[in-house]
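Quick notes on the structure that follows.
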Amino acid sequence: MRPRSVHTGTRSPGAGSRVLTAATPTNEEEDTMSTVTTPAAPRARAGGLVRTLAAIFCAFTVAAVGAALGAWVGWRGAPALPSDSAALSLIGPDTGLTAVGRNDAVFAYEHESGPLTWLIGDDDYNAGSILMTTTTATVQALTTGLAAQGWHTSEDPVVQGFAASKGEWSIRVYPAFADGSPTDRSAAEAVAVEFGRTQPGRVWPLVAVGYLLGLAAGWFVGWFAGRRVVGWVLLGALVLLLPGTVITTGDIIAAVALPADATPPALWGDYLFIGIRAFTTVGLLVMAVSLLLGLRGARAARSA
């Protein structure tokens, strides 16, 4: 008599179980998948770090450009310089001063500029002023006379003299050669007076606004364009703009140490200095190209 088979409740593999088995990866498949996907994560993190660094670099670069642009806008509308005689009367009587030169521009290259200057820049981009000299008065005597006329005076160690301001006007008094160029006291042949403009009160607020807007715009450009070929183009632009960025940022920081009564240098003038002007012009053009390439790439990715 054959024994009866006992039903244990175990089902033989059917179609359903075969589907489940096929859908479930084996250990070998899991190892293969992990081998394929694991390197992608470090690459993604490295790419994100590069884009972040590019965005930071670009943000501070464009911020310096924005600050310079804000200063340029702030100086628009500065008053015209008075006539030589009117300037002399504002300084005071019996000074023995004689006007020897003037530059009526708010800021400009002092010497005649040609195509080469506009291409590579020059080292004489300065504030407009009326230059006067005297051989009959001392630096201290002129400064004392200015204070008596209601001018606010302060020491100006940059020129080993004094600075003074009154309303819209600013003056520098310093030892000089006969032609009015500054020198140290021991070699002085005369005393020079530069009659110029005080910095408009709107300049620093516009510098701050330009810097903050530049930070935001630079971060966007750096993050948006800082990828693949576009990222290399952007990096080239930032390197070209680096000299002007460093000097302009330094001037913003150093401005706190300048005499309050002296006309400060133009913040945008650093980008016009000899040699730096060429780098600046090319750098801005290359940055514009990188932005256009980034926009074109984003448009192509959306349409794909």
Which of (1) within 30 Å of Ala288 (Cβ to Cβ); (2) surrounded by fewer than 16 Cβ atoms within 10 Å (Cβ to Cβ) does Gly201 not meet, given it meets every other one?
(1)
Strands (runs of 3 or more DSSP E) contained entirely in segment 59-160, each with at least 1 residues that are at pLDDT 90 or above, in contact with a strand residue (DSSP E or B) (Cβ under 6 Å, 6 or more places away or on another chain) and of a type in the set (A, V, I, L, M):
98-102, 125-127, 130-134
Please state which one of Leu88, Leu97 is buried (at least 17 other Cβ atoms within 10 Å of the Cβ), free of Cβ contacts under 8 Å to residues at least 60 places away in the same chain and more than 26 Å from the chain's Cα centre (by Cα).
Leu88
Of everything in segment 257-280 that's part of a helix (DSSP H, G or I) and either without any contact (Cβ under 8 Å) to a residue 40 or more places away in the chain or more than 19 Å from the chain's Cα centre (by Cα) (or both), which residue is surrounded by the fewest Cβ atoms within 10 Å (Cβ to Cβ)?
Ala257
Any chance you could count how many residues in segment 123-166 are under 30 Å from Glu112 (Cβ atoms) and free of Cβ contacts under 8 Å to residues at least 40 places away in the same chain?
4
If I filter segment 207-218 for residues that are free of Cβ contacts under 8 Å to residues at least 60 places away in the same chain and crowded, with 16+ Cβ neighbours inside 10 Å, do I get at least one hit?
no
Does Ala178 meet the test of being in a loop (DSSP other than H, G, I, E, B), modelled with pLDDT under 95 and of a type in the set (A, V, I, L, M)?
yes
Among the numbered criteria (1) closer than 24 Å to Ile247 by Cα; (2) surrounded by 12 or more Cβ atoms within 10 Å (Cβ to Cβ), which single criterion is violated by Leu119?
(2)
If you go through Gly196, Gly250, Gly201, Gly244, the only one that is small (Gly, Ala, Ser) and either over 30 Å from Leu131 (Cβ atoms) or part of a strand (DSSP E or B) (or both) is Gly196
All conditions in (1) surrounded by fewer than 21 Cβ atoms within 10 Å (Cβ to Cβ); (2) touching a Pro at 6+ places or on another chain (Cβ under 8 Å) are true of Ala300 except (2)
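The values are calculated or read from the model by the stated rules, or taken from the named source; none is laboratory data. All values derive from a computational prediction rather than experimental measurement. A quick note on method: Cβ atoms are made from the backbone with ideal geometry, for glycine too, and the neighbour counts reach across all protein chains shown.
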